[in-house]
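Every number here is computed from the coordinates shown, using simple stated rules; none is lab data. Here the structure is a predicted model, which is why all the values come from computation and not from measurement. With ideal geometry, Cβ positions are generated from the backbone for all residues, glycine too; neighbour counts draw on all protein chains shown.
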Amino acid sequence: MMARRPGAEEERPWKLAEHARLGKGKVVGVVVLDGWGEAPPDPFNCIHVADTPTLDALKKGAPERWRLIKAHGKAVGLPTDDDMGNSEVGHNALGAGQIYAQGAKLVDLALASGKIYEGEGFKYIQQSFETGTLHLIGLLSDGGVHSRIDQLQLLLKGASEHGAKRIRVHILTDGRDVLDGSSVTFVETLENDLAKLRDKGVDARIASGGGRMYVTMDRYENDWQVVKRGWDAQVLGEAPHKFPNGHEAVKRLRDDPKANDQYLPPFVVVDESGNPVGPIVDGDAVVTFNFRADRMVMLAKALEYEDFDKFDRVRFPKVRYAGMLQYDGELKLPSHYLVAPPEIERTSGEYLAHNGVRIYACSETVKFGHVTFFWNGNRSGCFNPNLEKYEEIPSDTGIAFNEQPRMKAVEVAEKARGAILSGKFDQVRVNIPNGDMVGHTGDLEATIVGCKAADEAVKIILDAIEQVGGIFVVTADHGNAEDMVKRDKSGKPIRDKDGNVQPLTSHTLNPVPIAIGGPGLAPGAGFRKDLPDAGLANVAATLINLHGFEAPRHYEPTLIQVSGASLLNPSSAPPLPFL
Ligand SMILES: O=C(O)[C@@H](CO)OP(=O)(O)O
Ligand SMILES: [Mn+2]
Ligand SMILES: [Mn+2]
């Protein structure tokens, strides 16, 4: 336990001051539209094409209560402004009210300084290098959402320089944060690096692989079969497809005209006698090299927990396992890690719990942890079970989301409506996943259907807020559905000789909208004009204000002002043209 600095509590008390102008006791409905950015109208802007009367009305209805905020790059703690936003950093910023250097950046720093090799986690796995194999499992792309190939390359080099003699890489192909089909190039790059290591006498090879959505990278326990498929290939060395090397594997599997990087079937690399080249066995070291938590937690549990009943592991090898980061601070999972995760603390959820605000949070499985775990600073569970209720609607499993693009949007909204009307909660918070989950499939028609369903869900929630005289905040965590095509530098869709475009499955760099309103919102309340560069981290203070409290001083400033006076600094309030 870290010793507490005396007086820290007095400096930053949990008790929040009452807001001078905004009263308490209004129900605040918070909607996070996942993957819902703002972009110019265009046939590949599915939000624009879709029928979205509710969101359109928010945009057109009250200019002082609708604006854009930044949701990518440095505004959310990512290394550069070329980094697209994502749910982890987006919800962290929304809930925490502060901008933290995120996993991607922390790993960059640890690798650049070499500190990664001096830490407890690396020293721990290093003990296996003399007699065992080092296995590296993770997402192979330069997407920067869950992992980055350049970090893997540095780790491979560093680990070999620090004594790893036998290395096996278990790859997960992407096609979600990067273009579909790019897996072949990433595997080529990795194979080249491994060949160079072999020239230096390190026995380094790709041992297994599969597409991220079909193998290993499930989240929030939606479908353990996904993790099992990976386990069978990575640990047991068993898979339906066998190839002499990783490059051949990915190239051959992509020969299937329906192949998709996200869903490539599991494969193992075998030697001349047909034996797998890299099953995980007793005495080996394992590193999961993704820095992002949600899609590594399930595998981390399988690798670390003695007691485990989610699928039959057949063999549970005694390995030294470390995550690139610790993925769950509350569960301390995994117990060994190479880089300390961002210490996200004093989130808005924790403050509100200390101040008696009753919170209901809901989404369907695939986004449930976003609006709970990520929102609360990568912390599982609630702060005060007497005040909070988190509800999960089971997601569809075993299908790609373009097959059921409406997903559970309306069901989530109906749960939220129930919570709003119940009178039991002060904040009702949901994530509506369609723009993102369907957007990632690259299927335009389905994404349009998904966006319409999301809009209907928002209407259900706004109607309930209207009914109870409450306040709403509708925003998003990053872009996706508003731009679904690969473009050239000038912004024009790139077409091949037959006129076909390449769908963009990834998130975007676009800003996201935020709208406030509802009968409970004080008449003079609107967005201040002096924060043109505001981002997702400014939302937490805004929410705390709407609950009738002043935000903690160390938070990014609130987005709102009331009747011409800036909430934080009344003397410097700019004139409000709309009042
Ligand atoms: O599906 C995911 O894991 C990411 C994209 O890699 O999307 P999001 O950040 O919206 O969860
Ligand atoms: Mn998201
Ligand atoms: Mn996404």
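Rounded to the nearest 500, what is the 222 nm mean residue ellipticity of the chain from helices alone, with -39500 (n - 2.57) per DSSP H run of 4+ residues and division by all residues?
Numbers: 17 runs with 163 residues, N = 579.
Calculated at 222 nm, the ellipticity per residue is -8000 deg cm²/dmol.
For K157, list the aspartates and glutamates whose Cα falls under 20 Å from its own Cα; do not include residues on the same chain fewer than 8 positions away.
Here the aspartates and glutamates satisfying the reach criterion relative to K157 are D108, E118, E120, E130, D142, E188, E191, D193, D199, D203, D284.
Using only alpha carbons, build the gyration tensor for segment 28-88 and give me the equivalent ellipsoid semi-axes, biggest first, whole Å.
Here the semi-axes work out to 23, 16, 11 Å.
Would you list which lysines come within 16 Å of K497, measuring only between C-alpha atoms, while excluding same-chain residues fewer than 8 positions from it?
K486
Quick one: the Cα spread of the chain along its three principal axes, in angstroms, biggest first?
The principal-axis extents, from largest down, are 77, 66, 42 Å.
How do S182, S348, S128, S273 rank when sorted from fewest to most other Cβ atoms within 10 Å of their own Cβ?
S273, S182, S128, S348
State which entries of K123/K251; K60/K424; K105/K367 exceed 28 angstrom in Cα-Cα distance in the structure shown. Walk me through the numbers before you get to the answer.
Details: K123/K251 36 Å; K60/K424 32 Å; K105/K367 24 Å.
With Cα atoms farther than 28 Å apart: K123/K251; K60/K424.
What do you get for the angle between helix 149-161 and the principal long axis of the chain? Use alpha-carbon atoms, 0 to 90 degrees, nearest ten.
50
Take Y305, Y321, Y220 and order them by how many other Cβ atoms sit within 10 Å, fewest up front.
Least crowded to most crowded, the residues run Y305, Y220, Y321.
Please list 32-41, 472-481 highest first by mean number of surrounding beta-carbon atoms within 10 Å per residue.
Averaged packing, sorted descending, gives the order 472-481, 32-41.
At 10 °C and a viscosity of 1.306 mPa s, what translational diffusion coefficient does Stokes-Einstein give for segment 104-339, taking Rh as the Kirkwood radius over Cα pairs? Give it in µm²/s as a whole number.
It diffuses with D of about 92 µm²/s by this estimate.
Per-residue counts of other Cβ atoms within 10 Å, averaged by peptide: what ranking do you get for 482-495, 242-255, 164-177, highest first?
Order by mean packing, descending: 164-177, 242-255, 482-495.
Rank the residues C362, C46 as a footprinting-exposure proxy: fewest other Cβ atoms within 10 Å of their Cβ go first.
Going from sparsest to densest Cβ surroundings: C362, C46.
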